[in-house]
Ligand SMILES: *Cc1c(COP(=O)(O)O)cnc(C)c1O
């Protein structure tokens, strides 16, 4: 599970400090076609220590940790409460991903094989939402970075492909994982098929029943799919004993997949969000976007993304935060979460488990309690009790802000978006769209022509039942109640600050 930094206690394999050049860093040599031609080029351009292939795909992922003013607190072993050692993770993840999890390298090379596969859908488009601007009658300029062009229809293949690649390269035969709405499951099923890996997915029962098409995508790509809780694992059986009709949750499904990986030596576990290496892989979004905005001479004033575990948001925002920390730009960076699962805005910042049963390491993160089961909002990908430790840390450092929005407003925004821009957003990015519309309407009031950059992280072609609910007027706002969360909050382990 998420290990923000194991480096407090165990020396890293590759060590550097933020003031030293890393061995992966390359000096910036702008390509001819990228040279300044327009007056108002994105200022970050010249300082971006990164490079791109001939098509504009980044050749390196960006690790924000060495650039932060403080190190993130280390994950702790769930029994000893000692900071976790990389070895503790080796039953779950291949070596290279563990290295990336604890790396202090600012840039990490993307393997050629992975860049080649990224080329199936990358670079993804950066689109100006002119028709939405017109509808809102706003002086703001709205741009969205669209990740729905990937085979699975979201940003998740950006990390599924390298995860499958490293597992296959290290001789692993099978990967197991959990999935909520099915976005991650279908992404890892797709990636596994490219590397001849067996893939087994525990899908949250409620989605398994309600979303047959995601399950069929996984099966088409060759994966085996089980509803979670299942009777195939001890974790699943223990939940079913107390609640035979449990609709499941991401936390429960994680418990099941982790258990299977821990018990089988040829099997590793994959996670689609939350961990450092996942956020790292997603930075292709932001690196590409910095390049694209530079080419059209725009600099974002506000960057908005939805947060479930934090990976699409971090993927877009972290490269921009790097430039902000250098003082090159100063955009507001805003995460948007559902009112029904507000881990950043209403959760506590504490050590907690990543799963429901309590098998994973303890991670310091914003959490609603590891056995909090959010109401069944349509944005299944945002129904997670915690938040990436790295996003939580960046939030604590004051480098970003967060808001929550109820689902009816989100779908109102999604309908406006679909009827002007054409694309039908997945339920998750409707949160980013609703927040973008709020900001654009504020600009209308103040007369400011801000540049708003939005993470449009996936399409909603398999989520049309949610639109059906909305269009029939049957959607309800589910909001988090202090009452519902009191018991889960009380079960967050009491880990003393001195153990950090
Ligand atoms: C999984 C998913 C999310 C939530 O995960 P993050 O790690 O927060 O990005 C959001 N949107 C879509 C389309 C997803 O598939």
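The values are calculated or read from the model by the stated rules, or taken from the named source; none is laboratory data. These numbers were taken from a predicted model, which means no experiment stands behind them. Cβ sites come from the backbone with ideal geometry, for glycine too, and all protein chains shown count toward neighbours.
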Going through 287, 256 one at a time, which residue ends up being away from the ligand (no atom under 16 Å from the Cβ), outside the structural domain of residue 142 (by TED's automatic domain parsing), crowded, with 24+ Cβ neighbours inside 10 Å and under 19 Å from residue 161 (Cβ atoms)?
287
Within the stretch 154-185, considering residues that are touching a strand residue (DSSP E or B) at 6+ places or on another chain (Cβ under 6 Å), within 16 Å of the ligand (Cβ to nearest atom) and part of a helix (DSSP H, G or I), the one nearest to residue 265 (Cα to Cα)
185
Within the stretch 382-393, residues within 23 Å of residue 478 (Cα to Cα) and assigned to a helix (DSSP H, G or I) come out as 382
Suppose we keep only residues that are under 25 Å from residue 101 (Cα atoms) and over 19 Å from the mean Cα position of the chain (by Cα) within the stretch 310-332. Which one would you say is farthest from the ligand (Cβ to nearest atom)?
326
Could you say whether any residue in the stretch 365-381 is part of a helix (DSSP H, G or I) and either within 13 Å of the ligand (Cβ to nearest atom) or buried (at least 24 other Cβ atoms within 10 Å of the Cβ) (or both)?
yes
Residue among 248, 315, 222, 308 that is surrounded by fewer than 24 Cβ atoms within 10 Å (Cβ to Cβ) and in contact with a helix residue (DSSP H, G or I) (Cβ under 6 Å, 6 or more places away or on another chain)
222
Condition met for residue 117 (part of a helix (DSSP H, G or I) and farther than 22 Å from residue 290 by Cα)
no
Collect the residues in the stretch 130-153 that are crowded, with 21+ Cβ neighbours inside 10 Å and part of a loop (DSSP other than H, G, I, E, B), keeping them in residue-number order.
138, 140, 147, 148, 150, 152, 153
Is it the case that the stretch 420-435 has a residue that's within 30 Å of residue 243 (Cβ to Cβ), surrounded by 21 or more Cβ atoms within 10 Å (Cβ to Cβ) and either away from the ligand (no atom under 16 Å from the Cβ) or at pLDDT below 95 (or both)?
no
Is the stretch 372-394 home to any residue that is in contact with a helix residue (DSSP H, G or I) (Cβ under 6 Å, 6 or more places away or on another chain), at pLDDT 95 or above and farther than 30 Å from residue 465 by Cβ?
yes
Taking residue 263, is it buried (at least 19 other Cβ atoms within 10 Å of the Cβ), over 25 Å from residue 339 (Cβ atoms) and more than 13 Å from the ligand (Cβ to nearest atom)?
no
Residue 127 fails exactly one of (1) crowded, with 20+ Cβ neighbours inside 10 Å; (2) in a strand (DSSP E or B), namely (1)
Scan the helices (runs of 4 or more DSSP H) fully inside the stretch 198-282 and keep the ones with 1 or more residues being within 30 Å of residue 115 (Cβ to Cβ).
212-220, 250-263
May I ask you to say which residue of 350, 335 is within 13 Å of the ligand (Cβ to nearest atom) and outside any loop (DSSP other than H, G, I, E, B)?
335
